[in-house]
1. So, Ala8, is that one modelled with pLDDT of 70 or more, part of a helix (DSSP H, G or I) and aliphatic (A, V, I, L, M) or not?
2. Could you grab me the full set of residues in the range 19-39 that are under 17 Å from Asp106 (Cα atoms) and either assigned to a loop (DSSP other than H, G, I, E, B) or modelled with pLDDT of 90 or more (or both)?
3. Restricting the range 114-167 to residues that are exposed (fewer than 15 other Cβ atoms within 10 Å of the Cβ) and β-branched (Val, Ile, Thr), which is farthest from Glu38 (Cα to Cα)?
4. Would you say Asp121 is touching a Ser or Thr at 6+ places or on another chain (Cβ under 9 Å) and within 28 Å of Pro43 (Cβ to Cβ)?
5. Got a sec? Which of Thr57, Thr97, Thr14 is hydroxyl-bearing (Ser, Thr, Tyr) and either at pLDDT below 90 or exposed (fewer than 11 other Cβ atoms within 10 Å of the Cβ) (or both)?
6. If you check Ile105, Ile74, which single one turns out to be modelled with pLDDT under 95 and crowded, with 18+ Cβ neighbours inside 10 Å?
7. So, in the range 119-153, how many residues would count as being within 15 Å of Gln79 (Cβ to Cβ) and touching a Leu at 6+ places or on another chain (Cβ under 9 Å)?
8. Suppose we keep only residues that are more than 14 Å from Lys103 (Cβ to Cβ) and buried (at least 19 other Cβ atoms within 10 Å of the Cβ) within the range 60-71. Which one would you say is modelled with the lowest pLDDT?
Amino acid sequence: MKRIALLAVLIPLTLGGCGLQPMYAGGSHGAVAVALSEVEVGPIAGQSGWLVRNAITDRIGAAGEGKGRYRLDIVLDDQINGFGIRSNNTVTRERRTLRARFKLIDMSNQAVLLDATAGSDAGIDVVTSEYAVIAAEQTALEHLSGEVADQIVTRVALYVRQHRAKE
């Protein structure tokens, strides 16, 4: 019993020395959250662009509308490729791929601070119902948009955290 109590005291002490720190320390008033609220997301073409842009603005806060210190420019590549061919040359499976190239730009001097990519893909079963296939493609796009938005916001937050610490 004394060993368990001793471990319960020692384990938290060792974790403090590993260098891990919460990304959003300070909540909405922390350095990362404040910097993310200063990001303006530029318009993105197409339905996938609308979905990704809305997902990003939901994650960083609605403040990114025209008063930003930074601008996030995003170009998307949305593709559906068929594979898995039946004997009658019909597709049995599709892969929907959503890739994003994004740039974080400092609005004061137009310098590119971060130039990176994000992406994800999903498999879709092709069934005899055309409606079901269209619904599955749409659902896949919605999920992929959220995943790509998460990747973009995480990369921007990491960048901001690393560079705000230097300031």
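1. Details: modelled with pLDDT of 70 or more: no; part of a helix (DSSP H, G or I): yes; aliphatic (A, V, I, L, M): yes.
No; evaluated as a whole, the condition is false for this residue.
2. The one that is under 17 Å from Asp106 (Cα atoms) and either assigned to a loop (DSSP other than H, G, I, E, B) or modelled with pLDDT of 90 or more (or both): Glu38.
3. The residue in question is Thr128.
4. Numbers: touching a Ser or Thr at 6+ places or on another chain (Cβ under 9 Å): yes; within 28 Å of Pro43 (Cβ to Cβ): yes.
Taking the combined requirement at face value, the residue satisfies it.
5. Values: Thr57 fails: either at pLDDT below 90 or exposed (fewer than 11 other Cβ atoms within 10 Å of the Cβ) (or both); Thr97 fails: either at pLDDT below 90 or exposed (fewer than 11 other Cβ atoms within 10 Å of the Cβ) (or both).
Selected residue: Thr14, the only one of Thr57, Thr97, Thr14 that is hydroxyl-bearing (Ser, Thr, Tyr) and either at pLDDT below 90 or exposed (fewer than 11 other Cβ atoms within 10 Å of the Cβ) (or both).
6. Ile105
7. So the answer is 9.
8. Checked the range 60-71; the qualifying residue modelled with the lowest pLDDT is Gly64.
The values are calculated or read from the model by the stated rules, or taken from the named source; none is laboratory data. This structure is a prediction, so every number in the text was calculated from the model and none was measured. Counting neighbours? That spans all protein chains shown, and the Cβs are built from the backbone with ideal geometry, glycine included.
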